[in-house]
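The values are calculated or read from the model by the stated rules, or taken from the named source; none is laboratory data. Note that the coordinates shown come from a computational prediction; the quantities given were computed from them, not determined experimentally. Note that we place each Cβ from the backbone using ideal geometry, even for glycine, and neighbour counts take in every protein chain shown. Ligands, DNA and RNA are stripped out before the accessible areas are found, and what is left, the full protein with its side chains, is counted by its heavy atoms. Shrake-Rupley method; radii C 1.70, N 1.55, O 1.52, S 1.80 Å.
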Amino acid sequence: MDVFYNPKAAGDVLIIPIKEGNRYDKMHENYGDVTKITDEKGDLLGYNLFNASSYVSLDGKGKITMTETLLDQLKKAFAKNNLQDSLDFDLSPSFVVGYVKTKEQHENADKLSVCQVETGDEQLQIVCGAPNVEAGQKVVVAKVGAVMPSGMKIKATELRGVPSNGMICSQKELGLPDAPEEKGIYVLDESYETGQPFEF
């Protein structure tokens, strides 16, 4: 899970996105320095923590990975501002090294493959459209809930009737420098371990 902190652009505000929503349907409740953002149905979209530097220790700016330490500081900040939300966030990494165990042709689409991908603690079925995906590769997997550099959030979905839980990423989708223009997933070398977080 990632949070965002950009004091030059937004001031001393920590942005904690939880779920995408329609920006015209957002509702705000203020609890001291914490603003809770929901949609009109009451579903939680996120929080803004104002005067963030007085509550939490932030290493760096921009996108920041949530840690247990940061989460503990947030819980204390929420308690100080009389907001009793539980903050039960999944802190497991959103981008991990996966191992393509099997690849089969999609039954309803010539250019799609159905892959079984091991990610260390689970096996995911991912439908992939890359021409270079093959069984036996180590790849970068964006798990459900991951937010891509483009801002797109990865969701569980169905592609031509087949469930897909995550995305096998290209260098371009990861925003890596000097990414090749041709279509294709990022195939990792054997030095990577299945399940380890992929940092970029």
- Task: Among the candidates Glu29, Glu40, single out the residue that is of a type in the set (D, E, K, R), outside the structural domain of Ile154 (by the TED database), without any contact (Cβ under 8 Å) to a residue 60 or more places away in the chain and part of a strand (DSSP E or B).
- Result: Glu29
- Selection from the range 71-100 of residues within 28 Å of Leu188 (Cβ to Cβ) and open to solvent by less than 10 Å² (accessible area, probe 1.4 Å) yields Val96, Val97, Gly98, Val100
- Query: From the list Asp33, Asp90, which residue is at pLDDT 90 or above and of a type in the set (D, E, K, R)?
  - Reply: Asp33
- Task: Within the range 97-120, identify whether any single residue is in contact (Cβ under 8 Å) with a residue 24 or more places away in the chain and out of contact with any strand residue (DSSP E or B) (no Cβ under 9 Å at 6 or more places or on another chain), and answer yes or no.
- Result: no
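May I ask you to verify whether Leu87 is under 28 Å from Gly120 (Cα atoms) and among the aliphatic types (A, V, I, L, M)?
For Leu87, the condition - under 28 Å from Gly120 (Cα atoms) and among the aliphatic types (A, V, I, L, M) - is met.
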- Note on the structure: Across the range 75-98, the tally of residues that are closer than 25 Å to Phe200 by Cα and aliphatic (A, V, I, L, M) stands at 3
- Query: Which ones in the range 155-187 are under 19 Å from Lys101 (Cβ atoms) and in contact with a Phe, Trp or Tyr (Cβ under 8 Å, 6 or more places away or on another chain)?
  - Reply: Cys169
- Task: Find the residue count for the range 151-197, including only residues that are free of Cβ contacts under 8 Å to residues at least 24 places away in the same chain and open to solvent by 80 Å² or more (accessible area, probe 1.4 Å).
- Result: 9
